[in-house]
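Structure record follows, encoded as structure tokens.
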Amino acid sequence: MGDFAERSRTLHNLNADVVPRESETYIKVTHYQLRNTGTDLKVQELIDSNLAQLDVMFNNLHDVNKNIMSELITKKMGQRIGLSSDHEHF
């Protein structure tokens, strides 16, 4: 499968919905990521590697999501939702 990271591209779709309710305002933030690896992935190769390459991709997407969310929310909210405090924005 080779080094897919150099050829991959990721589409980020970030939405923020604001809903006023009584005396409070609720904000819902959703972040979707779509990864194009730039190469054909073969299921048998993924299985043979014990899904290690797929695990690397998902861990990367997860870390990127944490970084983006840490830029959008306050430190207090990050702690409230269990977002790791090891991100530089906190």
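The values are calculated or read from the model by the stated rules, or taken from the named source; none is laboratory data. Quick caveat, the model's predicted, so the values are computed rather than measured. Glycine also receives a Cβ, built like all others from the backbone with ideal geometry; neighbour counts cover every protein chain displayed.
Under 6 Å between Cβ atoms, which residue pairs at least 6 apart in sequence (or on different chains) link something in region 30-50 that is surrounded by 12 or more Cβ atoms within 10 Å (Cβ to Cβ) with a partner that is in a strand (DSSP E or B) and among the β-branched types (Val, Ile, Thr)?
GLN33/THR10; ARG35/THR10
Any chance you could count how many residues in region 24-38 are in a strand (DSSP E or B) and in contact with a Ser or Thr (Cβ under 6 Å, 6 or more places away or on another chain)? Please lay out each step first, then the result.
The first filter runs over region 24-38 and keeps only residues in a strand (DSSP E or B), leaving 24-36.
Those still in the list that are in contact with a Ser or Thr (Cβ under 6 Å, 6 or more places away or on another chain) too: 33, 35.
Looking only at that region, the number is 2.
Of (1) closer than 20 Å to GLY82 by Cα; (2) outside any helix (DSSP H, G or I), LEU41 satisfies all except one. Which?
It fails just one condition, (1).
Kindly evaluate VAL18 against the criterion of being touching a strand residue (DSSP E or B) at 6+ places or on another chain (Cβ under 8 Å), among the β-branched types (Val, Ile, Thr) and assigned to a helix (DSSP H, G or I).
Details: touching a strand residue (DSSP E or B) at 6+ places or on another chain (Cβ under 8 Å): yes; among the β-branched types (Val, Ile, Thr): yes; assigned to a helix (DSSP H, G or I): no.
So VAL18 fails the test.
Identify the residue in region 44-90 that is assigned to a loop (DSSP other than H, G, I, E, B) and among the hydrophobic types (A, V, I, L, M, F, W, C) and, among all such residues, is modelled with the lowest pLDDT. Break it down into steps so the answer makes sense when it comes.
Keep residues of region 44-90 that are assigned to a loop (DSSP other than H, G, I, E, B), which gives 49-51, 73-74, 81-90.
Filter once more, so that each one left must be among the hydrophobic types (A, V, I, L, M, F, W, C): 51, 73, 81, 83, 90.
Working: LEU51: 83, ILE73: 86, ILE81: 86, LEU83: 82, PHE90: 40.
Among those residues, the one meeting the criterion is PHE90.
Restricting to region 24-43, what's the tally of residues that are within 19 Å of the chain's Cα centre (by Cα), modelled with pLDDT of 90 or more and among the hydroxyl-bearing types (Ser, Thr, Tyr)?
Total satisfying the criteria: 2.
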